[in-house]
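Q: Can you keep this structure in mind? I'll have questions shortly.
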Amino acid sequence: GAVVSQHPSRVICKSGTSVKIECRSLDFQATTMFWYRQFPKKSLMLMATSNEGSKATYEQGVEKDKFLINHASLTLSTLTVTSAHPEDSSFYICSAKRGGPQETQYFGPGTRLLVL
Amino acid sequence: AQSVAQPEDQVNVAEGNPLTVKCTYSVSGNPYLFWYVQYPNRGLQFLLKYITGDNLVKGSYGFEAEFNKSQTSFHLKKPSALVSDSALYFCAVRDDSNYQLIWGAGTKLIIKP
């Protein structure tokens, strides 16, 4: 299957700082990328959907000014958690897909964010 | 509204026995169904999907799933469980009008030696 990388895999930061997470599709061009947040022992919560070259579509309740998403190319999307607080600590997972609705979404390995 | 139900939070199976992880769905259009597996502190790995055609879909690691339109189900199965199959399994659905995957709550599969 296709490969999606995510960097960093783990980050610890101080409250009030910003953290950037990168998501790359390594062997395919991703027309759509997704950012999820996963709480312990819980299912995935979709935060936003982004298409290359356009603004991300955020899910209800997700602050777009806090979680900045940029989908600069067909292989790269970034999530920046601005002014992070301890409640932002979580597991963030990106995924990417090509084309139509029948296409498989491939997931990155996730980023564990801990805000002190 | 689209939805996915995984009725079991946890499934316990002895190694070597067959396993089934249940999934039912509700969509308005044609369903595209997916199973993913998640190991601890890892992202999700794609197992298999149903788009069209044969109702029995074979995937990675010896898993298969059967699409049943009348029962709106897509249960994940494996004939002989391995301890290494222990993980969290997610069912997801999308229809052809919506690119967003709708996720089940996940089922923790525990295989005991």
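Read-outs throughout are calculated quantities, based only on the coordinates presented, and are distinct from any laboratory measurement. Since the model is a prediction, treat every value here as computed from it, not as a measurement. Positions of Cβ are generated from backbone atoms using ideal geometry, with glycine treated the same way; all protein chains shown enter the neighbour counts.
Q: With all pairs of different alpha carbon atoms counted, what Kirkwood hydrodynamic radius in Å does the protein assembly as shown show?
A: Taking the inverse mean of 1/r over all distinct Cα pairs, the protein assembly as shown comes out at 18.2 Å.
Q: Let me ask another. For the range B:24-99 and the range B:3-18, what is the centre-to-centre distance using only Cα atoms, to the nearest Å?
A: About 13 Å separates the Cα centre of the range B:24-99 from the one of the range B:3-18.
Q: Rounded, prolate or oblate: which fits the range A:4-80, taking a ≥ b ≥ c as square roots of the Cα gyration tensor eigenvalues, rounded meaning a/c under 1.5, else prolate when a/b beats b/c?
A: Rounded.
Q: In whole Hz and in residue order, list the ³J(HN,Hα) couplings for the range A:66-77 that follow from phi through the Karplus curve 6.51 cos²θ - 1.76 cosθ + 1.60, θ = phi - 60°; x for Gly and Pro.
A: Per-residue couplings from phi come out as 8, 10, 7, 10, 10, 10, 6, 9, 6, 10, 9, 9 Hz.
Q: Within a Cβ distance under 14 Å of residue A:17, other residues only, what is the Lys/Arg minus Asp/Glu net charge?
A: Overall, the nearby charge balance is +2.
Q: Additional query: Among the listed pairs A:14/A:41; B:49/B:108; A:66/B:69; A:97/B:58; A:66/B:58, which have their C-alpha atoms separated by more than 30 angstrom in this model?
A: Correct reply: A:66/B:69; A:66/B:58.
Q: Now for a separate question. Indicate, rounded to the nearest 5 percent, the antiparallel portion of the DSSP beta bridges found entirely in the protein assembly as shown.
A: If I count the DSSP bridges inside the protein assembly as shown, around 90 percent turn out antiparallel.
Q: Obtain the nm distance between the two label points defined at residue A:80 and residue B:80 by a simple spin-label model: each point lies 7 Å from its Cα along the Cα-to-C-beta direction.
A: Modelled inter-label distance: 5.4 nm.
Q: Given Cα positions, please report Rg to Rh for chain B, the hydrodynamic radius being the Kirkwood one.
A: Dividing the radius of gyration by the Kirkwood radius yields 0.96.
Q: How far apart, in nm, are two points set 7 Å out from the Cα along the Cα-to-Cβ line at residue B:71 and at residue A:41?
A: Distance between label points: 2.9 nm.
Q: Taking neighbour Cβ counts within 10 Å as the exposure measure, how do A:12, B:51, B:111, A:21 sort from fewest upward?
A: By the 10 Å Cβ count, ascending: A:12, B:51, B:111, A:21.
Q: Report, for chain A, the % of DSSP beta bridges that are antiparallel, rounded to 5.
A: 90 percent
Q: Would you mind getting me the FRET efficiency between residue B:112 and residue A:7? Use the beta-carbon distance for r and R0 = 41 Å, nearest 0.05.
A: Approximately 0.70, to the nearest 0.05.
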